[in-house]
Amino acid sequence: MKKIKNYLNKLITGLISYIYTNRLFLSYLVISVIGTMILRHFTVKGDYFFGSLMTNIGLILLIGAFGYLVKPKNQFKYFFIWIIFFTALEVINSIYYMFYTNFASLAEISSVSQLETVSDSVITQLRLIDFIYVLQPIIFYYIHKHLKTSPYYNLIGKVENKKNMVIATLISAAVFLIFTFATATGTDYSRLSKQWDRPYIVERFGILMYQANDVFQTIQPRINSLFGQEEAMQMVDDYFNDDSKEKYDETNKYSNILKGMNVIYIHMESMQNFLMDLEFNGEKVTPNLQQIADEGMFFSNFYPQVSIGTSSDAEYITQTGLLPSLNGTVFVNYSNNTFNTLVGKLKDEGYYTFSMHGNLPAMWNRSKVHPRFGYTDMIYKESFTFNDDSKDPNNTDWIGLGINDKLFFEQGVQKLIDIENTHENYFGTIITLSNHSPFAPNQAFTLDLTDYYTDEITGEEKSSCYLCERDVGKYIVSSHYADEALGDFIRYIKESDNFNNTLFVFYGDHDAKMNYKDMNYLYNYDYLTGELKEETDPTYVTYDSFDHQLNKKTPLIFWTKNKKLASKLHGEVKTMMGMYDLAPTLYNMLGIEENYVLGHDIFNIKDNNIIVFPSGNFLTNKVYYNNSKEEYKMLDDDTVFKSIDENPDLEQNYINERLDYSEKALEIGNALITYDLFKDRVKEE
């Protein structure tokens, strides 16, 4: 008993001595760990708190171990630099997650140049929590200042055994990291190696492991591209030439229907389908969009597949029928690539090609990428006449990032007429702008969101504008303005003697990036309490995380003045359709053969379609599958299943087969970009 007591006393004494002589190191450890876990708490949260905590501690110990090799008087500088580094990571990722619901990547550092054009969008998303991390270096500095006035640094200079402390700390780090990898599943390793499901990696392994892995994943393709191009090309050729795959390239009643016709893409910024079902005080939010849908062919289940490249990803996907990069953005990180595009094919057939936008050509690096896509001319901000004083609060010519959509369309239509009068055939992309985030209020916006009601207790008539100050409300008002401009454009086209041989393809480029809670206010706000309704409320509208994802679909409409063609391109197409299906569908309608696409002609594949998202999620006509949670929702009855094999009514291997398909599609799409595999092939053709 005495021996045990002596041992415990010795242990306690040793622990006290360790804490006393390692106060700087322990301060670095505790502050750094708390910072990483605060970030996790305010972003992904999730079920793996302990696992990510162990990983963060292990990596922070690993880095800190080498601080013992520094002289005691300089150890503060070493730890301070790392704390500043961790703080920067946390601030960047906190802001980035709010903006993209994702985490930043080293491959996207070159995308920082885009912040100049969307700085207002970023600033409006900032929260106090985004800067709480800055307290870390401040607190650490004051701890150092306190220690500096004490004998601490002189003491550790005498008693510290560098070699022993390094070894002991490295062993401790190894224990934590071994625990991390010993408890990881095969799925965890798969996602870590593929890196496309970033939120899951941060949730499971922590922000530091994610960032370390991201550095490796970013550098690896650059290295591999020097050596692995032939293998990648073989993999791609095997995929596209696989005779065992089900083929969807047969002709249908729409084949060659657009042969010799002009085509104009109308790239509608942030326009979503749910807007078409809304009205306030008897006024519809998007009446003109609804009119176009009624007059043309409306694809009501069209889903964008963009990643962090947002609008630029939409351009890439709709032009190539492929998937965006899993590392960085195509327009910024791979702008020197050779691209296999619809616009390029039509240019080869003698079409005049152009893009039109009311912002600077530098936005999303379009000045460099669009010519490589195959656009002959770029008609951008400098081609339009308007008051460009963005600081003038009374200036309605300028909305958000550039010329307002009404002026843009008014002047743009005349440019289109000039193009038609000059060229026999043409293809163009017109990119709208006014509905770009941050959806700031503007004098030109007129939709009234006020809700009028009768107080149930007093009988008094009251009003509330609970949406006015919320992002979703600002988005709705902004979209209404964009729809008004769209109505003007259609009126100009109808009144013109031109455009009788032209198909207009209207598509929403991506969702508005509203978070789940803000969207829920649209459906479940209780104006009597000022809070969201409880799920037990009989008027509560079910809106879960799956509904939020399914709500991100955007309009796709084929519309033309040509009466003969309009009679054939009419009605609603309810087939589940991804953005990568647009180019293959138009290829067939234009009579162009193209095998190197991941999407399909929607009129051929029909209900067999799979929409693959960059997150690894997928959607079919039966299920929406969440890859990170390994859950899926049945679309026919809204039932959510927590495991792949839980639903006995779903045919065997239904989920697994489509998971394999999705992962292969992501791998192929990324290989085509990373290795620039069209470089020689396009030239040969």
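The values are calculated or read from the model by the stated rules, or taken from the named source; none is laboratory data. This is a predicted model, so every value here is computed, not measured. For neighbour counting, all protein chains shown are included, and Cβ atoms are generated from backbone atoms with ideal geometry for every residue, glycine included.
Below is a table of values for the structure above.
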quantity: Residue 262 surrounded by fewer than 23 Cβ atoms within 10 Å (Cβ to Cβ), in the same structural domain as residue 360 (by TED's automatic domain parsing) and not hydroxyl-bearing (Ser, Thr, Tyr); calculated: no
quantity: Residue in the range 421-444 that is farthest from residue 399 (Cα to Cα), counting only those that are modelled with pLDDT of 85 or more and of a type in the set (A, V, I, L, M); calculated: 430
quantity: Residue within the range 172-179 that is in contact with a Ser or Thr (Cβ under 9 Å, 6 or more places away or on another chain), within 17 Å of residue 44 (Cβ to Cβ) and in contact (Cβ under 8 Å) with a residue 60 or more places away in the chain present; calculated: no
quantity: Near pairs, Cβ below 7 angstrom, 6+ apart or cross-chain, from the range 543-569 (on the phi < 0 side of the Ramachandran plot) to any residue that is surrounded by fewer than 18 Cβ atoms within 10 Å (Cβ to Cβ) and assigned to a helix (DSSP H, G or I); calculated: 543/523; 545/516; 548/516; 559/295; 560/566; 561/494
quantity: Members of the range 26-79 that are of a type in the set (Phe, Trp, Tyr), surrounded by fewer than 19 Cβ atoms within 10 Å (Cβ to Cβ), touching a residue at least 60 places away in the same chain (Cβ under 8 Å) and part of a helix (DSSP H, G or I); calculated: 66
quantity: Pair list, Cβ < 7 Å and 6+ apart or interchain, from the range 373-401 residues that are over 17 Å from residue 478 (Cα atoms) and assigned by TED's automatic domain parsing to the domain that holds residue 315 to residues that are assigned to a loop (DSSP other than H, G, I, E, B) and of a type in the set (Val, Ile, Thr); calculated: 373/341; 374/341
quantity: Strands (runs of 3 or more DSSP E) lying entirely in the range 436-518 (those with 3 or more residues that are out of contact with any helix residue (DSSP H, G or I) (no Cβ under 9 Å at 6 or more places or on another chain) and in the same structural domain as residue 395 (by TED's automatic domain parsing)); calculated: 451-454, 461-464
quantity: Answer residue from the range 456-474, given it is charged (D, E, K, R) and closer than 20 Å to residue 516 by Cα and is surrounded by the fewest Cβ atoms within 10 Å (Cβ to Cβ) among those; calculated: 469
quantity: Candidates 36, 13, 21 - the one that is at pLDDT below 90 and farther than 22 Å from residue 69 by Cα; calculated: 13
quantity: Some residue of the range 647-661 being under 21 Å from residue 305 (Cβ atoms) and part of a loop (DSSP other than H, G, I, E, B); calculated: no
quantity: Subset of the range 272-297 that is of a type outside the set (Lys, Arg) and part of a strand (DSSP E or B) - its residue that is nearest to residue 574 (Cα to Cα); calculated: 297
quantity: Segments classed as helices (runs of 4 or more DSSP H), wholly inside the range 310-417, with at least 1 members that are within 22 Å of residue 585 (Cα to Cα); calculated: 310-320, 342-348, 366-373
quantity: In the range 662-685, the residues that are of a type in the set (A, V, I, L, M) and either modelled with pLDDT under 90 or part of a loop (DSSP other than H, G, I, E, B) (or both); calculated: 677, 682
quantity: Filter result for residue 668 (surrounded by 17 or more Cβ atoms within 10 Å (Cβ to Cβ) and touching a residue at least 12 places away in the same chain (Cβ under 8 Å)); calculated: yes
quantity: Condition check for residue 573: surrounded by fewer than 21 Cβ atoms within 10 Å (Cβ to Cβ), touching a strand residue (DSSP E or B) at 6+ places or on another chain (Cβ under 6 Å), within 30 Å of residue 472 (Cα to Cα) and of a type in the set (A, V, I, L, M, F, W, C); calculated: yes
quantity: Exclusive hit being of a type in the set (S, T, N, Q), surrounded by 14 or more Cβ atoms within 10 Å (Cβ to Cβ) and at pLDDT below 90, set 551, 501, 520; calculated: 520
quantity: Check on residue 302, more than 30 Å from residue 567 (Cβ to Cβ) and either at pLDDT below 95 or surrounded by 23 or more Cβ atoms within 10 Å (Cβ to Cβ) (or both); calculated: no
quantity: Residue match in the range 432-455 (condition: of a type in the set (Val, Ile, Thr), closer than 30 Å to residue 259 by Cα and crowded, with 20+ Cβ neighbours inside 10 Å); calculated: yes
quantity: Hits in the range 601-644 - residues which are part of a helix (DSSP H, G or I) and in contact with an Asp or Glu (Cβ under 8 Å, 6 or more places away or on another chain); calculated: 602, 604, 605, 608
quantity: Residue in the range 320-334 that is surrounded by fewer than 24 Cβ atoms within 10 Å (Cβ to Cβ), modelled with pLDDT under 95 and β-branched (Val, Ile, Thr) present; calculated: yes
quantity: Any hit, the range 643-662, residues being touching a residue at least 60 places away in the same chain (Cβ under 8 Å) and either within 30 Å of residue 264 (Cβ to Cβ) or surrounded by 14 or more Cβ atoms within 10 Å (Cβ to Cβ) (or both); calculated: no
quantity: Residue satisfying all of: in the range 148-171; closer than 18 Å to residue 64 by Cβ and assigned to a loop (DSSP other than H, G, I, E, B); modelled with the lowest pLDDT among these; calculated: 160
